[in-house]
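Novice: Shown below is the structure under consideration.
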Amino acid sequence: MEMILGVIGAITGVLGLLVAIFLTRWQAKAHAKEMAEERANSERLNRLAFLSDRIFDLSIPRELRLPFYEEYISMKGNGTAVKFWLMEEGRERAML
């Protein structure tokens, strides 16, 4: 009887170890995926910030800032930088 309980205990222990290994690997993969998504989002936000800085930089001629604006728009950027660009365009037309 004691031998049967020992075998059952050993089998249960091995199964528990296998489940623990599986769950640890699964959790590590989920964490790695989350970190990759976070890094990609951070890189996108940093690029948008860089592009908007160039759009607002009036020391750079407007025609040289155009590629930054186009990339900003292609990355689905919106907000203040786009409004600034359009207002600046309106002022230039008014001056002509």
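Novice: Which distance in nm do the two modelled labels at residue 73 and residue 11 give, with both placed 7 Å along the Cα-to-Cβ direction?
Specialist: 6.9
Novice: For the chain, modelled as a GNM with alpha-carbon contacts under 10 angstrom, which of 81, 20, 36 fluctuates the most?
Specialist: 20
Novice: Once you've got the GNM for the chain with C-alpha springs shorter than 10 Å, pick whichever of 42, 52, 74 has the biggest mean-square fluctuation.
Specialist: Between 42, 52, 74, it is 74 that shows the largest mean-square fluctuation.
Novice: Starting from 0.36 nm per residue, how many nanometres of slack lie between residue 42 and residue 64 once their C-alpha separation is accounted for?
Specialist: Values: separation 22, 0.36 × 22 = 7.92 nm, distance 2.61 nm.
Contour length minus Cα-Cα distance gives 5.3 nm.
Novice: Under a plain spin-label model, where a point goes 7 Å from the Cα along Cα-to-Cβ, how far apart in nm are residue 53 and residue 33?
Specialist: The two pseudo-label positions are separated by 3.4 nm.
Novice: Looking at the calculated P(r) for segment 2-95, what percent of the C-alpha pair distances fall above 23 Å? If you can, show how the numbers build up before the last one.
Specialist: Working: 2419 of 4371 pairs.
Tail of P(r) above 23 Å: 55 percent of Cα pairs.
The numbers here are math on the coordinates, done by the rules we state, and not lab data. Everything numeric in this text was worked out from a predicted model, so none of it was measured. Because the Cβ atoms are built from the backbone with ideal geometry, glycine has one as well, and the counts that use them run over all protein chains shown.
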